[in-house]
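Presented below is the structure to which this report refers.
Nothing in this text is a laboratory measurement; each read-out follows from the coordinates by a stated rule. Because the structure is a prediction, the values reported are computed rather than measured. Cβ sites come from the backbone with ideal geometry, for glycine too, and all protein chains shown count toward neighbours.
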Amino acid sequence: MAEQLLTIGALAQRSGHHASALRYYEAVGLLRPRTRLSGRRRYDPDAVHQLGLIALLQDVGFSLDEIRSLVPQRDSGRQRWESLAVAKVTELNQTIRKAEAAKRLLKATIECRCTQLAGCGLVIAAGERRRVHRGARRRVIPAWK
């Protein structure tokens with residue numbers, strides 16, 4: 001049994017994580033060693049797959065808190081997973097829309113050829129739209145030169 005368990009170094013090597021990341025994941029409740037032998041952590045070999053799942057979920061934008069709510073429920077958490085996944089898709093769509101709008105504005109300011117960004121009509125109009133969208137809060141446009 002002890003031969004099958006992985007040390008933290010072996011798990012780090014197999015999973016591609018640093019041992020410090022594994023200790024952090026343990027501290028935040030994402031990873032648990034099966035046991036300790038002579039005070040050293042020993043992990044089940046399937047911890048490699050769990051770490052792969054954690055990495056995948058991080059790559060698609062889930063926070064560690066969200067991942068923590070999913071990982072222990074991997075057998076019975078289908079409904080929870082779907083709920084979080086739908087919310088994450090919505091969040092990513094909003095992020096994409098904002099990034100595309102920022103890209104369009106940047107391209108337009110490059111093509112504009114104004115001598116000062118602070119006086120550029122495109123920047124001023126974008127700032128006005130932002131103020132209107134955000135309500136009464138005012139944003140100061142930096143005086144870039």
Top-ranked residue of region 56-71 - restricted to ones that are in contact (Cβ under 8 Å) with a residue 12 or more places away in the chain and of a type in the set (Gly, Ala, Ser), ranked as surrounded by the fewest Cβ atoms within 10 Å (Cβ to Cβ): GLY61
For region 1-51, name all the residues that are over 21 Å from LEU64 (Cα atoms) and surrounded by 18 or more Cβ atoms within 10 Å (Cβ to Cβ). LEU5, LEU6, ARG41, ARG42
